[in-house]
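Participant: Okay, handing you the structure first.
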Amino acid sequence: MAEFTQKVDHSMKSLMSKQLPSTTTTLIHRAIVGAPDWWRDAVIYQVYPRSFADSNGDGIGDLPGVTARLDHLVELGVDAIWLSPFYRSPLKDGGYDVADYREVDPLLGTLADVDALLAAAHEQGLRVLVDLVPNHTSSAHGWFQEALASAPGSAARDRYVFRTGRGELGEEPPNNWLSKFGGPAWTRVTEADDSPGEWYLHLFDSSQPDLNWENAQVHAEFEQVLRFWLDRGVDGFRIDVAHGLVKAPELPDWTGRTTTATGRKRRPNVTDEGPMWDQDGVHEILRAWRKVVAEYPGDRVLVAEAWVQPIERLARYVRPDETHQAFNFEFLKTRWSVPRYRAVITESLEANDSVGATTTWVLSNHDVVRHPSRLGLKKAGSFPAGIAATDEQPDEHRGLMRGRAASLLMLGLPGSAYLYQGEELGLPEATALPTEARQDPTFLGTGGNKIGRDGCRVPLPWVADAPALGFSPSGASWLPQPASFARYALDTQLGVPGSTYEMYRAALHLRRVRRLGSGSLAWVVGLAGTKKKKVLAFINRDVMIVMNLGAAAVPITPGCAVLITSRRLGIDAEGRQTIPRDTTVWLRFSS
Ligand code: GLC
Ligand code: CA
């Protein structure tokens, strides 16, 4: 007889007591009753336009390339796409350095191409989110150029964060903050009379001056930018660096000491914590934007990129009048361990449920090492900022097996999920890019000390034996594709049972028809033949998801039908199917 530590729906209770003898079941999260808002259970696919598909042969992916391949995304079964920036930009930070928020970069297309993409996507039932980059502009933005040409104290300078330096001659930066890409977060300008002048703040590259969110014009401008794209028909925005817009008053030095809630001191993360991140003022800005999107029909959404912890802090971004979603990076960063997964999933659902929000799962994006490669490291699931050829190389096969298991775990969880282009192919990080090809400001800004993010931004392989693996008709590719990418090309996986692509496609389909995204989560502990620390198991609606991280294979629960597996199942001495290590399966209770 199953034991219930919390109240469970009646139908589920009888099902479980019949089928899961001697287990303990703990309900953490209830299913949504009725039809959920579209985004609460959506699977959203991130397109990094430069690396998706190149239509004109210049080796740079572009918007017409995306439009031409939308059928791939429809076939895969996602609900929406999020496009990383395509705005006019010197591309010093892959377009996260915007020179004009209302123009498309000529390398990526035109406004007409955006309109065509939106029309085609909507026609095929896909929603489209675009990126909003409000923390900083490019130094090539008209406002910054005007600020440089204007005097200290001018209105033009007030749109950014200019300060006089410290030291007798102002030769020292105004405070000790560091740029995420290396070096001080301040750069000194030369005034019109050629004298050394003020310093401006840039939490990222020196070509990305931070805006001053105390300035009313900055607020007004971004509201107009939102409206500009909403009027064109976008379905929402991913808000870049949402946690960084507002800085602590007076820009205090950061002492680098972080005390946890329990009073324990821990080693701070020098660029992710401090008086420049997660200030209360950001929430007012998000609230104002929520009001703007709410004026438009069609349930348009905001998703926050906010690298804040703990999870309770992140939940503040998804309170009912703020952003709809916020990427769950704590989940992304989870080490390969059952107790850690159990803890992060529980904490995430509880924190988000407490504010009525959905949990937004994610494993990969354009800023992190691709998850199969992170999971192929000796310390599986550790979080290096990049992997260089001279670093420990991930075990590709093991990483792929674990990556697929992690993906099936994520897609079985209630909530929304983001996929990063290429993960449906199982792509690994490219670790051996030639130095001269690297473009990430992290690499360039640290003199190569930090390898950076180029390795997850390599153009996609579509066709194994085509020029540039089908990425570009001319064979050009702005970052070279490793030879091994041919093995991952879409055409080698299409229709191939057991391929990563077919696994994702089947999982998305099952997730939809079984309504797992709006479903429930009840932990199951004590399944026959499993150890609590090695096997993660939960029930979502009528599906039980079981993930085996232990070295020993574990039996499939009798009476359950296998819906999908991340890896071929084993067979035990009695001829029964077993779940091998590093594998996730979805099982259905037979009725
Ligand atoms: C975000 C983006 C990242 C970019 C940074 C600065 O973290 O995802 O790619 O470099 O913001 O805009
Ligand atoms: Ca192109």
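The values are calculated or read from the model by the stated rules, or taken from the named source; none is laboratory data. Given the structure is predicted, the values throughout are model-derived calculations rather than measurements. A quick note on method: Cβ atoms are made from the backbone with ideal geometry, for glycine too, and the neighbour counts reach across all protein chains shown. Keep in mind that these areas ignore ligands, DNA and RNA; they rest on the heavy atoms of the full protein, side chains included. Shrake-Rupley method; radii C 1.70, N 1.55, O 1.52, S 1.80 Å.
Participant: From the list ASP93, ASP58, ASP105, ASP97, pick out the single residue that is among the charged types (D, E, K, R), open to solvent by less than 40 Å² (accessible area, probe 1.4 Å) and within 16 Å of ligand 2 (Cβ to nearest atom). Spell out the reasoning first.
Facilitator: On the way: ASP93 fails: within 16 Å of ligand 2 (Cβ to nearest atom); ASP58 fails: open to solvent by less than 40 Å² (accessible area, probe 1.4 Å); ASP97 fails: within 16 Å of ligand 2 (Cβ to nearest atom).
ASP105 is the lone residue from the list that is among the charged types (D, E, K, R), open to solvent by less than 40 Å² (accessible area, probe 1.4 Å) and within 16 Å of ligand 2 (Cβ to nearest atom).
Participant: Still on this structure, please answer the following. Evaluate region 45-54: report whether one residue or more is away from ligand 2 (no atom under 16 Å from the Cβ) and at pLDDT 95 or above.
Facilitator: First, the residues of region 45-54 that are away from ligand 2 (no atom under 16 Å from the Cβ): 45-46.
Checking which are at pLDDT 95 or above leaves us with 45-46.
Yes; the residues of region 45-54 include at least one that is away from ligand 2 (no atom under 16 Å from the Cβ) and at pLDDT 95 or above.
Participant: Looking only at region 432-474, which residues are out of contact with any Leu (no Cβ under 8 Å at 6 or more places or on another chain), open to solvent by less than 30 Å² (accessible area, probe 1.4 Å) and in a helix (DSSP H, G or I)?
Facilitator: Within region 432-474, PRO441, THR442, PHE443, CYS456, ALA468 meet the criteria.
Participant: Here are VAL292, VAL303, VAL270: which of them is of a type outside the set (S, T, N, Q), within 23 Å of the chain's Cα centre (by Cα) and either surrounded by fewer than 12 Cβ atoms within 10 Å (Cβ to Cβ) or at pLDDT 95 or above (or both)? Steps first, please.
Facilitator: Working: VAL292 fails: within 23 Å of the chain's Cα centre (by Cα); VAL270 fails: either surrounded by fewer than 12 Cβ atoms within 10 Å (Cβ to Cβ) or at pLDDT 95 or above (or both).
None of the other options fit; the residue is VAL303.
Participant: For region 163-175, check the following and say yes or no: at least one residue is within 16 Å of ligand 1 (Cβ to nearest atom) and either in contact with an Asp or Glu (Cβ under 7 Å, 6 or more places away or on another chain) or under 29 Å from VAL368 (Cβ atoms) (or both). Full working, then the answer.
Facilitator: Residues of region 163-175 that are within 16 Å of ligand 1 (Cβ to nearest atom), as a first pass: none.
Checked region 163-175: no residue is within 16 Å of ligand 1 (Cβ to nearest atom) and either in contact with an Asp or Glu (Cβ under 7 Å, 6 or more places away or on another chain) or under 29 Å from VAL368 (Cβ atoms) (or both).
Participant: Additional query: Can you give me the number of residues within region 138-150 that are touching a strand residue (DSSP E or B) at 6+ places or on another chain (Cβ under 9 Å) and either more than 16 Å from ligand 1 (Cβ to nearest atom) or within 24 Å of ARG300 (Cβ to Cβ) (or both)?
Facilitator: 4
Participant: Another one. Out of the residues in region 502-522 that are in contact with a Lys or Arg (Cβ under 7 Å, 6 or more places away or on another chain) and of a type outside the set (Ser, Thr, Tyr), state the one that is most open to solvent (accessible area, probe 1.4 Å). Steps first, please.
Facilitator: Kept after step one, since they are in contact with a Lys or Arg (Cβ under 7 Å, 6 or more places away or on another chain), are these residues of region 502-522: 503, 514-520.
Filter once more, keeping what is of a type outside the set (Ser, Thr, Tyr): 503, 514-517, 519.
Working: MET503: 10, ARG514: 63, ARG515: 125, LEU516: 1, GLY517: 7, GLY519: 0 Å².
Going through the qualifying residues, I end up with ARG515.
Participant: Moving on. For region 471-509, what are the residues that are away from ligand 2 (no atom under 16 Å from the Cβ) and aromatic (Phe, Trp, Tyr)?
Facilitator: Selection gives PHE485, TYR488, TYR501, TYR504.
Participant: Go through region 557-575 and count every residue that is loosely packed, with under 15 Cβ neighbours inside 10 Å and of a type in the set (Lys, Arg).
Facilitator: 1
Participant: Does any residue of region 337-352 turn out to be part of a loop (DSSP other than H, G, I, E, B), away from ligand 1 (no atom under 16 Å from the Cβ) and open to solvent by less than 30 Å² (accessible area, probe 1.4 Å)? First the steps, then the outcome.
Facilitator: Going residue by residue through region 337-352, those that are part of a loop (DSSP other than H, G, I, E, B) are 337.
Right, trim to away from ligand 1 (no atom under 16 Å from the Cβ) and you get 337.
Retained after the next criterion (residues that are open to solvent by less than 30 Å² (accessible area, probe 1.4 Å)): 337.
Taking every residue of region 337-352 in turn, at least one turns out to be part of a loop (DSSP other than H, G, I, E, B), away from ligand 1 (no atom under 16 Å from the Cβ) and open to solvent by less than 30 Å² (accessible area, probe 1.4 Å).
Participant: Let me ask another. GLY529 versus (1) buried (at least 16 other Cβ atoms within 10 Å of the Cβ); (2) more than 25 Å from the chain's Cα centre (by Cα): which is the lone unmet condition?
Facilitator: It fails just one condition, (1).
Participant: Follow-up. Inside region 532-556, can you point out the residues that are open to solvent by 50 Å² or more (accessible area, probe 1.4 Å) and aromatic (Phe, Trp, Tyr)?
Facilitator: Result: no residue meets the conditions.
Participant: Can you pull out the residues in region 358-383 that are among the aliphatic types (A, V, I, L, M), in contact with a strand residue (DSSP E or B) (Cβ under 6 Å, 6 or more places away or on another chain) and in a loop (DSSP other than H, G, I, E, B)? Steps first, please.
Facilitator: Restricting attention to region 358-383, the residues satisfying the condition of being among the aliphatic types (A, V, I, L, M) are 362-363, 368-369, 375, 377, 380.
Add one more test, that the residue is in contact with a strand residue (DSSP E or B) (Cβ under 6 Å, 6 or more places away or on another chain), and what stays is 362.
Listed by number, the list is empty, since nothing qualifies.
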